[in-house]
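Comments concern the structure below.
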Amino acid sequence: MNIIPERVFSGVQPTGNLHLGNYLGAIKRFVELQDSHDCIYCVVDLHAITNVLQDPVELAANIREVTAAFIASGIDPEKHIVFNQSQVKEHAELAWLFSCVARMGWMNRMTQFKEKAGKDREKASVGLFTYPALMAADILAYRATHVPVGEDQKQHLELTRDIAQKFNHDYSDRIESLGLGVPMQVGDETVNGYFPLTEPLIGGPAARVMSLRDGSKKMSKSDPSDLSRIVMTDDADTIGKKIRKAKSDADALPSEVEGLEGRPEADNLVGIFAALMETNKAGVLKDFGGAEFSKFKPALAELAAERVGPIASEMRRLQSDPSEIDSILKKGSDRARDIAAQTLADAKEIIGFIGARG
Ligand code: TYM
């Protein structure tokens, strides 16, 4: 537990094909946290160029699309902060400091890098390799204590904690002498550190939404099959078609959650239903235990269209006025920069750079 004011930070890459996994695993939970926390939500555009060359026009459209999805889902950019990463250059500068704290061995363990780089690692960008240092900078520029994400980001958040912990430890005397330490719990001890040990918020029935075509692969923006994912802009007919074609198995749904074991596709569809319905898998099986997929799938399609439809139409409305979105991002970036600049100045002062505080 950190004895530092609680603050939520999270980010979504503007790489197109925003899907139901992004919504249920992340964005929907961002919305829920607004009542209890100060929240900062970021369109992480600097991350979007780590893996593939982005078309400049499409990149801008995708940045606006994610922003529109945040707002259409219910994020309030007045009460909280919504911005795009590249407008706050402190992220990139703090990432440099962190790339000197993180160790090669830590980065080498990142499974997302291994997956994305594929067999030909020599051809992967250096940015793809150091990506987690930038992600740590995103979070720690705001000294965020809580980060809602899907299950696939767990390892990156562990690395963020490792970076914070090593920085706090390496510079502990200096942090102490500058009076910048904040008490925080590390194991059984309370120590003074500058960066909090951020806690991931991962959970619920949709922490890992799987592909509709293959229950062993996660739903992703880059899957070549459009049928593998429901995107936020799909209309009711398309959602219906994708769910009808979703892979399932020959048995009826079980009445107990244990009965989903070894049935990844059934487990996935029940999890999606539960998250959309704001219940858990047991709750869904109470109503649908014993039902065949021929009955369950239409109910799921109807529910998904009912939940996604209004968000999609609000997204379209917002996207029709790009200047409004750009102005939200500009205002959000100005507010974010005020916080991030202070953190960066402190971090540079701690390290010992001259003129860190301007
Ligand atoms: P990204 O853009 O790939 O995904 C955005 C969010 O969606 C979640 N997600 C899923 N959740 C459940 N099931 C799925 N199939 C699924 N696919 C994606 C992700 O876990 C994520 O929460 N590295 C991050 C972006 C990032 C970030 C950050 C996140 C950059 N800096 C700082 C938090 C804090 C990413 O690539 O997410």
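From the list Ala95, Ala102, Ala48, exactly one residue is within 26 Å of Lys123 (Cα to Cα) and touching a Pro at 6+ places or on another chain (Cβ under 6 Å). Which is it? Criteria check complete, one pass: Ala48. Here segment 280-297 is the region considered, the condition is being small (Gly, Ala, Ser) and outside any loop (DSSP other than H, G, I, E, B), and the residue that is farthest from the chain's Cα centre (by Cα) is Ser294.
The residue that is surrounded by the fewest Cβ atoms within 10 Å (Cβ to Cβ), among those in segment 114-125 that are assigned to a helix (DSSP H, G or I) and more than 22 Å from the chain's Cα centre (by Cα), is Glu122. If only one of Asp38, Asp45 is more than 13 Å from the ligand (Cβ to nearest atom) and touching a strand residue (DSSP E or B) at 6+ places or on another chain (Cβ under 7 Å), which one is it? Testing whether each residue is more than 13 Å from the ligand (Cβ to nearest atom) and touching a strand residue (DSSP E or B) at 6+ places or on another chain (Cβ under 7 Å) leaves just Asp38. Listed here are the helices (runs of 4 or more DSSP H) enclosed by segment 1-98 that have at least 3 residues being open to solvent by 10 Å² or more (accessible area, probe 1.4 Å): 28-33, 56-73.
Scanning segment 130-146 for residues that are open to solvent by less than 10 Å² (accessible area, probe 1.4 Å) and of a type in the set (Ser, Thr, Tyr) gives Tyr142, Thr145. All told, Leu53 falls short of being modelled with pLDDT of 95 or more, farther than 21 Å from Met219 by Cβ and among the hydrophobic types (A, V, I, L, M, F, W, C).
Condition test on Thr111, is it within 17 Å of the chain's Cα centre (by Cα), among the polar types (S, T, N, Q) and open to solvent by less than 50 Å² (accessible area, probe 1.4 Å)? No; evaluated as a whole, the condition is false for this residue.
Selection over segment 144-167 of residues that are assigned to a helix (DSSP H, G or I) and either within 13 Å of the ligand (Cβ to nearest atom) or touching a strand residue (DSSP E or B) at 6+ places or on another chain (Cβ under 9 Å) (or both) gives a count of 15. Taking the listed residues Ser220, Ser225, the one that is of a type in the set (S, T, N, Q) and farther than 24 Å from Arg29 by Cβ is Ser225, with no other qualifying.
The values are calculated or read from the model by the stated rules, or taken from the named source; none is laboratory data. Just so you know, these numbers come straight off a predicted model, no measurement behind them. Note: ideal-geometry Cβ built from the backbone for every residue, glycine included; neighbour counts use all protein chains shown. These accessible areas exclude ligands, DNA and RNA; they are computed on the full protein's heavy atoms, side chains included. Shrake-Rupley method; radii C 1.70, N 1.55, O 1.52, S 1.80 Å.
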